[in-house]
Structures are given as structure tokens and as C-alpha cells.
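Please read the structure below before turning to the comments.
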Amino acid sequence: MNKLAIIALAGALAGCTAADKAGVVEKKPFGTTKYGEKATLYKLAGKDGLEMEVTDDGGKIVRLLVPDAKGEKIDVTIGFDSPAGWEKTDAYFGAIIGRYGNRIAEGKFTLDGKDCKVPVNDKAHAAALHGGDRGWDAYVWKAETFTKGDDVGIVFTKDFPDGEQGFPGAVKAKVTYTIAPGNVWRIEYEATTDKPTPLNLTQHVYFNMNGEGTILDQELMIAASKYLPVDKNLAPAGAPASVEGTPFDFRTFHKVGERIDAPDTVLQYGPGYDHNWCLDGEGFRKAAEFRGKARAVEVWTDQPGIQFYAGNFIDNTWKMKDGKPMCRRGWLALETQHYPDSPNRPGFPSTILRPGETYKTKTEYRFKAL
Ligand code: BGC
């Protein structure tokens, strides 16, 4: 037997080549939600090393293991050991967000002349946030795993009734996560409705590309020449404004901590980054990149905006999986989406889905070694 064959055989016997491990590697019970729904945990492994633990409870990411150049993997996200962990916090860690991601000011809007009211669950900012009292993150979805060529993934589907949280229209939703070659996590959203309704879906995953410490010395780029100034309730204060000369200019890489506490009134409302950037260009394009010491994530999307939230409200007393403590600004979220409060802003790109149309959007988190 030649040397190569011996190495291949040894790898096969040990069951430890990257390709051997790729696929849906585990499925097990994950506890029960406060609504009495039973959750399941799935472990997916991509052929190039990216591993994901995900639950059908809100499509929440539990672990994301990202390799460096030597193949050493670290977990770059926040998750918990069971649904109860999320229920003790209010930060939507790693969840599918719907029916309307981000804020709707005062929880009201007028659609085709009809006044609609949704719960003001973000009381501090007098707004409906991430879908209301019970958003799409807080339901167990139907889940089906798949492998297709070198792709491995999971499809979540769920029907939401007309009047859900006050929103008009029964919506059929489908969210597909795929781990594709090159350590790409692709998210595809699809939805239809039977009445006009606002729809703004996103994924609320958080990242710390070093897997520890704060994100303040990690570097961020956002491909946006404009951002949305906000008022003290984090609602858009008007039209998009230029980032030029402001702490919101991330067109070239800056450390997150470099200007996060700058004396800029709009920034201080965060307090710190918790704003929408209006992405340059159109179509599926690179929107952002976040770099740690040995790993980075690129964000690609077809959406007009991205909410960069620097984890300003993460509570130092919260604990995640394995009892690991969390800290303020220890992770950030780069949520691809439409602009906040769009249902009340005729000048912003529309978020209204109408019967007969199919909502279809795509975002990719592309992980790479540095
Ligand atoms: C919002 C923050 C909020 C966080 C967790 C982000 O999308 O912009 O203000 O605290 O989600 O809910």
C-alpha cells in the first residue's frame, strides 16, 4: 500500500476526515419552550469545516464553529442549552426575526387607508420590536434537513394566521439555512400572504470573531455611504444622511471600539451603535465584513439596509450555554433588512407584501480564515 492510501485508510478508520464528518451529524431533543412546544437540536457540518448547531425553536443558532487557517475551530456566537435560556433574555440571539424585524414607531401604521396596531413590546423606545410580544423567534417551526451535493442544510416552514400580533394577512413563511462549500452560511427567506402586510425578515445572529473578550478591538467595514439618524426612541429622525465625517463611517475598516462612545448625539441614543446603514448598490452584494484575529465573516445580501447592533444592552449577569458569562459589547449583530419603521415612511423602500407576490430575499455569512 502506498503512503497516500495508508493515510486515507487511517483517516477513514478514525472517521475523522473533514468530508466524513460533513452532513447532518446529530438530531436530539432540546427541551420545551414556555409555550409548551417541544424543540429539537440539529448539528450540521459543512465540508470545509463550518459547523452549526441550530434548533427549530425560532431557527435559533446555538453554536457556530469556525475554523482558522490551521483548521482550529472556535464558537463565534451566543446560544443556550435549552429554550429556557433565551426566555431569560430579550436579545433575540441567533433567531429568525419576523414578521417585522426592527422597530415600528409607537406600534402603529396605516396600510391602504386602514389603521393597524401591533404591540409596543420595546417599552423603553415606545416601539414594536422584532414582531411584537411573540415574534417568529418564539415559535417552534417545522424543520427538514437536507444534503444536496456538497451543501447541507435545514428548511424551516411555518404558517402565521391573519391578525398575528395585530398584523393583517395570513403568511406562509419558509426560511432555508444552507452550509455551502467555502464555509458559507446562506439564508433564504420566502413568504406569501393573503392580505397586504408589512414584512421585514432577518436573522439576529451575534458574532465575536475571537470567541472571547469584547468586540471593541475587532474591525468592521460596512459598505454604506449613508445611515439613518435616529431620535431618542431609535426611530428614524428623517432621511438617510451621509456618513462622511461621522463615527458611522465604516467604509474602510475601523475598530468597533474606536468611536463607539464618541460625543455624537445620534450615536449616544444607542447608546453606542444600534443603527441602520443604507447599503450602497443594489442586488446581491457584499455589505459588511467583521474581522477578529484569525477569522472573519463577510456579509452578503440583496437587502437595502443593515442594522449594526453592538450588543449595548447585553447584560453582564446573563449566562449562556455551558454557564459561560456574557458581557456588554461582547458580540455584535449585523442584521440585513429593510429600514426601520418603513411602514410609516413612504420615502423608504417598501416593505409591503401583497397577495400574489412572493417575498424572496437572500443573505450569506461567509466565514474565512485570516
Ligand atoms: C435592536 C436593539 C435591540 C436588539 C435586541 C437589535 O436589532 O436594534 O435595539 O436591543 O436588537 O433586541
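The values are calculated or read from the model by the stated rules, or taken from the named source; none is laboratory data. All values reported here derive from a predicted model rather than from experimental measurement. Note that each Cβ is placed from the backbone with ideal geometry, even for glycine, and that neighbours are counted across all protein chains shown. Side chains included, ligands, DNA and RNA excluded: accessible areas come from the protein's heavy atoms. Shrake-Rupley method; radii C 1.70, N 1.55, O 1.52, S 1.80 Å.
A compact table of results
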read-out: Among (1) away from the ligand (no atom under 16 Å from the Cβ); (2) not in a strand (DSSP E or B), the one test that residue 154 misses; value: (2)
read-out: Matching residues in region 151-161 - criterion: being touching a helix residue (DSSP H, G or I) at 6+ places or on another chain (Cβ under 9 Å) and in contact (Cβ under 8 Å) with a residue 40 or more places away in the chain; value: 160
read-out: Matching residues in region 241-266 - criterion: being touching a Ser or Thr at 6+ places or on another chain (Cβ under 9 Å), away from the ligand (no atom under 16 Å from the Cβ) and under 19 Å from residue 336 (Cα atoms); value: 243, 249, 251
read-out: Test result for residue 137, among the acidic types (Asp, Glu), outside any strand (DSSP E or B), surrounded by 16 or more Cβ atoms within 10 Å (Cβ to Cβ) and within 16 Å of the ligand (Cβ to nearest atom); value: yes
read-out: Residue match in region 273-286 (condition: farther than 22 Å from residue 349 by Cα, open to solvent by 40 Å² or more (accessible area, probe 1.4 Å), away from the ligand (no atom under 16 Å from the Cβ) and within 19 Å of the chain's Cα centre (by Cα)); value: no
read-out: Scan of region 313-342 for residues that are open to solvent by 10 Å² or more (accessible area, probe 1.4 Å) and within 14 Å of the ligand (Cβ to nearest atom), ordered by number; value: 313, 315, 318, 328, 329, 331, 338, 339
read-out: Yes/no for residue 236 being farther than 21 Å from residue 311 by Cβ and within 15 Å of the ligand (Cβ to nearest atom); value: yes
read-out: Any hit, region 88-98, residues being more than 16 Å from the ligand (Cβ to nearest atom) and more than 24 Å from residue 210 (Cα to Cα); value: no
read-out: Qualifying residue in region 196-207 (condition: open to solvent by 10 Å² or more (accessible area, probe 1.4 Å) and closer than 28 Å to residue 155 by Cβ); value: yes
read-out: Qualifying residue in region 55-65 (condition: among the polar types (S, T, N, Q) and open to solvent by 20 Å² or more (accessible area, probe 1.4 Å)); value: no
read-out: One residue from 191, 128, 173 being in a strand (DSSP E or B), crowded, with 21+ Cβ neighbours inside 10 Å and free of Cβ contacts under 8 Å to residues at least 40 places away in the same chain; value: 128
read-out: In region 230-242, the residues that are open to solvent by 20 Å² or more (accessible area, probe 1.4 Å) and of a type in the set (Gly, Ala, Ser); value: 237, 238, 239, 241, 242
read-out: Filter pass, residue 160 being under 21 Å from residue 102 (Cα atoms) and surrounded by 23 or more Cβ atoms within 10 Å (Cβ to Cβ); value: no
read-out: Verdict on residue 111 being modelled with pLDDT of 95 or more and crowded, with 18+ Cβ neighbours inside 10 Å; value: no
read-out: Criterion: free of Cβ contacts under 8 Å to residues at least 40 places away in the same chain, buried (at least 21 other Cβ atoms within 10 Å of the Cβ) and within 16 Å of the ligand (Cβ to nearest atom) - qualifying residue of 227, 269, 309; value: 309
read-out: Checking residue 120 against (1) open to solvent by less than 30 Å² (accessible area, probe 1.4 Å); (2) away from the ligand (no atom under 13 Å from the Cβ); (3) in a loop (DSSP other than H, G, I, E, B); (4) not polar (S, T, N, Q), the condition it does not meet; value: (1)
read-out: Residue check, residue 212 open to solvent by 50 Å² or more (accessible area, probe 1.4 Å) and touching a strand residue (DSSP E or B) at 6+ places or on another chain (Cβ under 6 Å); value: no
read-out: Flag for residue 292 being over 23 Å from residue 98 (Cβ atoms), touching a residue at least 24 places away in the same chain (Cβ under 8 Å) and either open to solvent by less than 10 Å² (accessible area, probe 1.4 Å) or more than 16 Å from the ligand (Cβ to nearest atom) (or both); value: yes
read-out: Single residue of 94, 85, 71 found to be open to solvent by less than 20 Å² (accessible area, probe 1.4 Å) and either free of Cβ contacts under 8 Å to residues at least 12 places away in the same chain or assigned to a loop (DSSP other than H, G, I, E, B) (or both); value: 94
